[in-house]
Amino acid sequence: MAPAVYKTTFQVRSYECDAYGHLNNANYLRYMQEAAIQASAAVGWDDARYQQIGHVWLIHETDIEYLAPVRLGDRVEITTWVADFRRVRSRRSYELRNQNGDLVARATTDWVYLNRATGQPASIPAAMIADFAPPDLATPADVTDTLRMSSSRARFPPAPPPPPGVYIHTHTVEWRDVDTEQHVNNATYLNFMEEAGFRAARHFGWSVNRMRAEHFGIFARRIQIEYRQQAALNDELTITTYLSDVKRANSTRHFIVMRASDGALIAQARGLYVFVNPQTAQITRLPHEILEDFKAHIAE
(Lines give C-alpha, C1' and ligand atoms only; values in the text may rest on other atoms or scores of the structure.)
Protein backbone atom coordinates (compact mmCIF):
# COMPACT_ATOMS: atom_id res chain seq x y z
CA MET A 1 0.00 0.00 0.00
CA ALA A 2 1.39 3.40 -0.96
CA PRO A 3 2.06 5.86 1.84
CA ALA A 4 -0.51 8.63 2.31
CA VAL A 5 2.11 11.24 3.16
CA TYR A 6 4.92 12.63 1.07
CA LYS A 7 7.57 15.00 2.45
CA THR A 8 10.14 17.09 0.64
CA THR A 9 12.34 20.04 1.57
CA PHE A 10 13.28 23.23 -0.28
CA GLN A 11 15.92 25.78 0.69
CA VAL A 12 14.95 29.39 0.00
CA ARG A 13 17.20 31.03 -2.57
CA SER A 14 17.84 34.74 -2.98
CA TYR A 15 15.97 35.10 -6.29
CA GLU A 16 12.85 33.62 -4.69
CA CYS A 17 12.59 36.45 -2.15
CA ASP A 18 10.77 39.77 -2.46
CA ALA A 19 11.88 43.27 -1.52
CA TYR A 20 11.01 42.60 2.14
CA GLY A 21 13.45 39.68 2.18
CA HIS A 22 10.63 37.13 2.44
CA LEU A 23 9.87 34.18 0.18
CA ASN A 24 7.54 35.64 -2.45
CA ASN A 25 3.91 34.57 -2.09
CA ALA A 26 3.82 32.91 -5.52
CA ASN A 27 6.86 30.79 -4.70
CA TYR A 28 4.96 29.00 -1.95
CA LEU A 29 2.64 27.80 -4.72
CA ARG A 30 5.62 26.75 -6.84
CA TYR A 31 7.01 24.71 -3.94
CA MET A 32 3.58 23.10 -3.48
CA GLN A 33 3.29 22.26 -7.17
CA GLU A 34 6.74 20.69 -7.19
CA ALA A 35 5.92 18.70 -4.05
CA ALA A 36 2.73 17.40 -5.71
CA ILE A 37 4.68 16.37 -8.83
CA GLN A 38 7.26 14.58 -6.68
CA ALA A 39 4.55 12.88 -4.62
CA SER A 40 2.89 11.61 -7.80
CA ALA A 41 6.16 10.28 -9.19
CA ALA A 42 6.94 8.57 -5.88
CA VAL A 43 3.88 6.32 -6.27
CA GLY A 44 4.55 5.51 -9.91
CA TRP A 45 2.75 8.33 -11.72
CA ASP A 46 5.50 10.49 -13.20
CA ASP A 47 5.28 12.79 -16.21
CA ALA A 48 6.31 10.05 -18.65
CA ARG A 49 3.40 7.87 -17.51
CA TYR A 50 0.90 10.72 -17.83
CA GLN A 51 2.25 11.46 -21.31
CA GLN A 52 1.87 7.81 -22.24
CA ILE A 53 -1.78 7.62 -21.19
CA GLY A 54 -2.61 11.05 -22.60
CA HIS A 55 -3.91 12.67 -19.40
CA VAL A 56 -2.83 15.47 -17.09
CA TRP A 57 -3.75 17.07 -13.76
CA LEU A 58 -4.48 20.84 -13.75
CA ILE A 59 -5.21 22.99 -10.72
CA HIS A 60 -8.75 24.34 -10.50
CA GLU A 61 -8.56 26.10 -7.13
CA THR A 62 -5.94 27.07 -4.55
CA ASP A 63 -6.48 28.19 -0.96
CA ILE A 64 -3.39 29.15 1.03
CA GLU A 65 -2.88 30.72 4.45
CA TYR A 66 0.42 32.45 5.21
CA LEU A 67 1.16 32.09 8.92
CA ALA A 68 4.78 33.25 9.31
CA PRO A 69 7.44 34.70 7.01
CA VAL A 70 10.13 32.54 5.39
CA ARG A 71 13.49 34.12 4.61
CA LEU A 72 16.64 33.58 2.57
CA GLY A 73 18.43 30.39 3.60
CA ASP A 74 15.48 28.92 5.51
CA ARG A 75 14.57 25.32 4.83
CA VAL A 76 10.90 24.66 4.12
CA GLU A 77 9.60 21.13 4.63
CA ILE A 78 6.36 20.40 2.81
CA THR A 79 4.12 17.58 3.95
CA THR A 80 1.45 16.74 1.39
CA TRP A 81 -1.26 14.13 1.03
CA VAL A 82 -4.40 13.40 -0.97
CA ALA A 83 -7.48 14.44 1.01
CA ASP A 84 -10.10 13.04 -1.37
CA PHE A 85 -10.98 11.82 -4.82
CA ARG A 86 -14.12 12.63 -6.78
CA ARG A 87 -15.01 11.35 -10.25
CA VAL A 88 -12.77 13.85 -12.10
CA ARG A 89 -11.29 15.87 -9.22
CA SER A 90 -8.95 15.40 -6.29
CA ARG A 91 -8.05 17.62 -3.38
CA ARG A 92 -4.48 17.73 -2.09
CA SER A 93 -3.53 19.20 1.28
CA TYR A 94 -0.22 20.72 2.33
CA GLU A 95 1.52 21.98 5.42
CA LEU A 96 4.76 23.95 5.26
CA ARG A 97 7.19 24.13 8.19
CA ASN A 98 10.52 25.86 8.65
CA GLN A 99 13.72 24.31 9.98
CA ASN A 100 12.52 24.90 13.56
CA GLY A 101 9.34 22.93 12.93
CA ASP A 102 7.15 26.05 12.99
CA LEU A 103 4.08 25.98 10.76
CA VAL A 104 4.57 28.78 8.20
CA ALA A 105 1.73 28.04 5.76
CA ARG A 106 -1.07 25.59 5.06
CA ALA A 107 -2.98 25.06 1.87
CA THR A 108 -5.20 22.95 -0.33
CA THR A 109 -5.33 22.60 -4.09
CA ASP A 110 -8.24 21.19 -6.02
CA TRP A 111 -7.02 19.35 -9.13
CA VAL A 112 -8.99 18.29 -12.22
CA TYR A 113 -8.00 15.23 -14.26
CA LEU A 114 -8.08 16.04 -18.00
CA ASN A 115 -7.72 14.29 -21.33
CA ARG A 116 -4.80 16.05 -23.03
CA ALA A 117 -6.23 15.70 -26.54
CA THR A 118 -9.71 17.05 -25.80
CA GLY A 119 -9.02 19.22 -22.77
CA GLN A 120 -12.11 17.70 -21.16
CA PRO A 121 -12.36 16.24 -17.64
CA ALA A 122 -11.83 12.47 -17.48
CA SER A 123 -12.73 9.83 -14.89
CA ILE A 124 -9.86 9.08 -12.51
CA PRO A 125 -8.69 5.45 -12.89
CA ALA A 126 -9.27 3.18 -9.90
CA ALA A 127 -5.63 2.05 -10.09
CA MET A 128 -4.47 5.63 -9.62
CA ILE A 129 -6.68 6.12 -6.57
CA ALA A 130 -5.30 2.91 -5.05
CA ASP A 131 -1.71 4.03 -5.66
CA PHE A 132 -2.11 7.52 -4.21
CA ALA A 133 -3.81 6.82 -0.89
CA PRO A 134 -5.32 4.20 1.42
CA PRO A 135 -8.95 3.21 0.72
CA ASP A 136 -10.43 5.45 3.43
CA LEU A 137 -8.40 8.50 2.35
CA ALA A 138 -7.91 9.31 6.03
CA THR A 139 -5.90 12.41 6.83
CA PRO A 140 -2.48 11.32 8.10
CA ALA A 141 -2.14 11.08 11.86
CA ASP A 142 1.11 13.03 12.05
CA VAL A 143 -0.21 16.38 10.83
CA THR A 144 -1.79 19.10 12.90
CA ASP A 145 -5.49 19.05 13.75
CA THR A 146 -5.99 22.33 11.91
CA LEU A 147 -5.09 20.55 8.66
CA ARG A 148 -7.69 17.78 8.84
CA MET A 149 -9.42 18.72 5.62
CA SER A 150 -13.06 18.05 4.85
CA SER A 151 -13.95 16.54 1.51
CA SER A 152 -16.86 18.99 1.16
CA ARG A 153 -16.47 21.75 -1.40
CA ALA A 154 -18.02 25.18 -1.20
CA ARG A 155 -18.53 27.42 -4.20
CA PHE A 156 -15.90 30.09 -4.66
CA PRO A 157 -17.05 33.07 -2.58
CA PRO A 158 -18.72 35.73 -4.75
CA ALA A 159 -17.12 39.15 -4.87
CA PRO A 160 -19.14 42.25 -4.02
CA PRO A 161 -20.12 44.50 -6.94
CA PRO A 162 -17.13 46.57 -8.03
CA PRO A 163 -16.91 50.21 -6.91
CA PRO A 164 -16.52 53.09 -9.38
CA GLY A 165 -12.79 53.32 -8.73
CA VAL A 166 -11.65 49.87 -9.86
CA TYR A 167 -8.08 49.62 -11.11
CA ILE A 168 -7.35 47.68 -14.30
CA HIS A 169 -3.88 46.38 -15.06
CA THR A 170 -3.12 44.92 -18.50
CA HIS A 171 -0.56 42.20 -19.10
CA THR A 172 0.37 40.38 -22.31
CA VAL A 173 1.39 36.79 -21.59
CA GLU A 174 5.13 36.43 -22.15
CA TRP A 175 7.26 33.37 -22.84
CA ARG A 176 8.48 33.33 -19.23
CA ASP A 177 4.88 33.08 -17.98
CA VAL A 178 4.15 29.81 -19.83
CA ASP A 179 4.89 26.34 -18.46
CA THR A 180 5.36 22.92 -20.08
CA GLU A 181 1.59 22.58 -20.58
CA GLN A 182 1.75 25.63 -22.89
CA HIS A 183 -0.34 27.86 -20.63
CA VAL A 184 0.21 30.37 -17.83
CA ASN A 185 1.41 28.52 -14.75
CA ASN A 186 -0.97 28.66 -11.78
CA ALA A 187 1.57 30.38 -9.51
CA THR A 188 2.25 33.06 -12.13
CA TYR A 189 -1.29 34.41 -11.79
CA LEU A 190 -0.37 35.37 -8.24
CA ASN A 191 2.52 37.43 -9.61
CA PHE A 192 0.10 39.17 -12.00
CA MET A 193 -2.29 39.93 -9.14
CA GLU A 194 0.45 41.11 -6.81
CA GLU A 195 1.66 43.56 -9.45
CA ALA A 196 -1.89 44.79 -10.05
CA GLY A 197 -2.36 45.36 -6.30
CA PHE A 198 0.81 47.43 -5.94
CA ARG A 199 0.01 49.44 -9.08
CA ALA A 200 -3.47 50.14 -7.73
CA ALA A 201 -2.01 51.40 -4.44
CA ARG A 202 0.39 53.67 -6.30
CA HIS A 203 -2.46 54.96 -8.50
CA PHE A 204 -4.28 56.14 -5.38
CA GLY A 205 -1.19 57.88 -4.03
CA TRP A 206 0.37 55.14 -1.92
CA SER A 207 3.61 53.90 -3.45
CA VAL A 208 5.79 51.38 -1.66
CA ASN A 209 8.17 54.20 -0.70
CA ARG A 210 5.33 56.19 0.88
CA MET A 211 4.16 53.13 2.80
CA ARG A 212 7.68 52.60 4.10
CA ALA A 213 7.83 56.24 5.19
CA GLU A 214 4.61 55.65 7.13
CA HIS A 215 6.09 52.45 8.65
CA PHE A 216 3.77 49.87 7.18
CA GLY A 217 3.68 47.25 4.45
CA ILE A 218 0.96 45.05 3.00
CA PHE A 219 1.32 41.31 3.63
CA ALA A 220 -0.89 38.44 2.48
CA ARG A 221 -2.64 36.42 5.18
CA ARG A 222 -4.84 34.22 2.98
CA ILE A 223 -5.35 33.95 -0.78
CA GLN A 224 -8.01 31.97 -2.62
CA ILE A 225 -7.75 31.56 -6.39
CA GLU A 226 -10.12 29.87 -8.82
CA TYR A 227 -8.77 29.06 -12.30
CA ARG A 228 -11.57 29.03 -14.89
CA GLN A 229 -9.80 28.85 -18.26
CA GLN A 230 -6.26 28.62 -19.56
CA ALA A 231 -4.33 31.61 -20.86
CA ALA A 232 -1.66 31.09 -23.52
CA LEU A 233 1.35 32.89 -24.96
CA ASN A 234 0.54 36.40 -26.32
CA ASP A 235 -2.93 36.52 -24.75
CA GLU A 236 -3.69 40.00 -23.49
CA LEU A 237 -5.10 39.80 -19.96
CA THR A 238 -6.89 42.46 -17.95
CA ILE A 239 -6.57 42.19 -14.18
CA THR A 240 -9.34 44.19 -12.50
CA THR A 241 -8.85 44.78 -8.78
CA TYR A 242 -10.56 46.57 -5.91
CA LEU A 243 -10.96 46.42 -2.12
CA SER A 244 -13.72 45.51 0.30
CA ASP A 245 -14.07 45.09 4.07
CA VAL A 246 -11.35 47.63 4.78
CA LYS A 247 -10.47 47.86 8.46
CA ARG A 248 -7.70 49.68 10.25
CA ALA A 249 -5.41 46.62 10.26
CA ASN A 250 -6.55 44.49 7.31
CA SER A 251 -8.59 44.44 4.11
CA THR A 252 -9.79 42.12 1.36
CA ARG A 253 -8.61 42.62 -2.21
CA HIS A 254 -10.47 41.11 -5.17
CA PHE A 255 -9.00 40.21 -8.56
CA ILE A 256 -10.76 39.35 -11.84
CA VAL A 257 -8.54 38.14 -14.69
CA MET A 258 -10.09 38.22 -18.17
CA ARG A 259 -8.85 37.69 -21.71
CA ALA A 260 -9.22 40.96 -23.62
CA SER A 261 -9.93 39.41 -27.02
CA ASP A 262 -13.13 37.58 -26.02
CA GLY A 263 -13.93 38.69 -22.47
CA ALA A 264 -13.46 35.16 -21.11
CA LEU A 265 -13.04 34.85 -17.34
CA ILE A 266 -9.62 33.26 -16.85
CA ALA A 267 -9.27 33.40 -13.06
CA GLN A 268 -10.63 35.15 -10.01
CA ALA A 269 -9.18 35.59 -6.56
CA ARG A 270 -9.66 37.17 -3.18
CA GLY A 271 -6.92 37.92 -0.71
CA LEU A 272 -6.97 38.90 2.94
CA TYR A 273 -4.10 41.31 3.55
CA VAL A 274 -2.78 42.65 6.84
CA PHE A 275 -0.82 45.84 7.50
CA VAL A 276 2.49 45.19 9.20
CA ASN A 277 5.37 47.34 10.40
CA PRO A 278 8.33 45.82 8.47
CA GLN A 279 10.81 46.86 11.17
CA THR A 280 8.97 45.30 14.11
CA ALA A 281 6.98 42.62 12.23
CA GLN A 282 3.96 43.70 14.28
CA ILE A 283 0.48 44.32 12.89
CA THR A 284 -0.14 48.06 12.68
CA ARG A 285 -3.05 50.42 12.04
CA LEU A 286 -3.33 52.31 8.78
CA PRO A 287 -2.84 56.06 8.63
CA HIS A 288 -6.28 57.66 8.69
CA GLU A 289 -5.83 59.51 5.40
CA ILE A 290 -5.38 56.30 3.41
CA LEU A 291 -9.04 55.42 3.93
CA GLU A 292 -10.09 58.69 2.31
CA ASP A 293 -7.62 58.27 -0.56
CA PHE A 294 -8.95 54.79 -1.36
CA LYS A 295 -12.62 55.65 -0.89
CA ALA A 296 -13.60 55.22 -4.57
CA HIS A 297 -11.67 51.94 -4.71
CA ILE A 298 -13.61 50.24 -1.90
CA ALA A 299 -16.74 48.18 -2.59
CA GLU A 300 -19.77 48.76 -0.41
For the chain, the percent of accessible surface on carbon and sulfur atoms (probe 1.4 angstrom, ligands and nucleic acids excluded) is 50
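How large is the translational diffusion coefficient of the range 59-139 in µm² per second when you combine the Kirkwood radius over alpha carbon pairs with Stokes-Einstein at 10 °C and 1.306 mPa s?
Numbers: Rh = 14.3 Å.
Calculated translational D: 111 µm²/s.
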Treating the chain as a set of equal point scatterers at the Cα positions, no solvent, please give the Debye-formula log₁₀ I(q)/I(0) at q = 0.06, 0.16 Å⁻¹.
-0.21, -1.42
Let me check against my output: what whole-number percent is the relative contact order of the chain, with C-alpha pairs under 8 Å and at least 6 apart?
17
Helix 25-42 sits off the longest principal axis of the Cα atoms of the chain, rounded to the nearest 10 on a 0 to 90 degree scale, by 0
Degrees between helix 186-203 axis and first principal axis of the chain (Cα, 0 to 90, nearest 10)
0
Ordering Phe198, Phe204, Phe294 by accessible area with a probe of 1.4 Å, largest first, what comes out?
Phe198, Phe204, Phe294
Mind checking the dipole of the range 38-118: about its Cα centre, +1 per Lys or Arg Cβ, -1 per Asp or Glu Cβ, Debye to the nearest 20?
280
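First select every other residue whose beta carbon is under 13 angstrom from the beta carbon of Ser123; then total the charges, Lys and Arg +1, Asp and Glu -1.
Numbers: positive: Arg86, Arg87, Arg89; negative: none.
Summing Lys and Arg as +1 and Asp and Glu as -1 gives +3.
Rounded to the nearest 20 Debye, what is the dipole magnitude of the chain about its Cα centre when Lys and Arg each give +1 and Asp and Glu each give -1 at the C-beta? Provide the component values of the computation, followed by the final result.
Numbers: 32 positive and 34 negative charges, 85 e Å.
So the dipole magnitude of the chain works out to roughly 400 debye.
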Would you pull out the residues with amide H under 5 Å of Asp74's amide H, same chain only if 5 or more places away, H placed 1.01 Å from N?
Val12
Where the centroid of each part is defined by its Cα atoms, how far is the range 169-228 from the range 235-287 in Å?
8
Once Glu214, Glu292 are ranked on solvent-accessible area with the largest value leading and a 1.4 Å probe, the list reads Glu292, Glu214
Of Leu237, Gly205, Ala260, which is farthest towards the positive pole of the range 181-300's charge dipole, taken about the Cα centre with +1 and -1 on the beta-carbons of Lys, Arg and Asp, Glu respectively?
Gly205
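The values are calculated or read from the model by the stated rules, or taken from the named source; none is laboratory data. Please read these numbers as outputs of a predicted model, since none were measured by experiment. All Cβ positions, glycine included, derive from the backbone under ideal geometry; neighbour counts span all protein chains shown. SASA here: full protein model, heavy atoms, side chains in, ligands and nucleic acids out. Shrake-Rupley method; radii C 1.70, N 1.55, O 1.52, S 1.80 Å.
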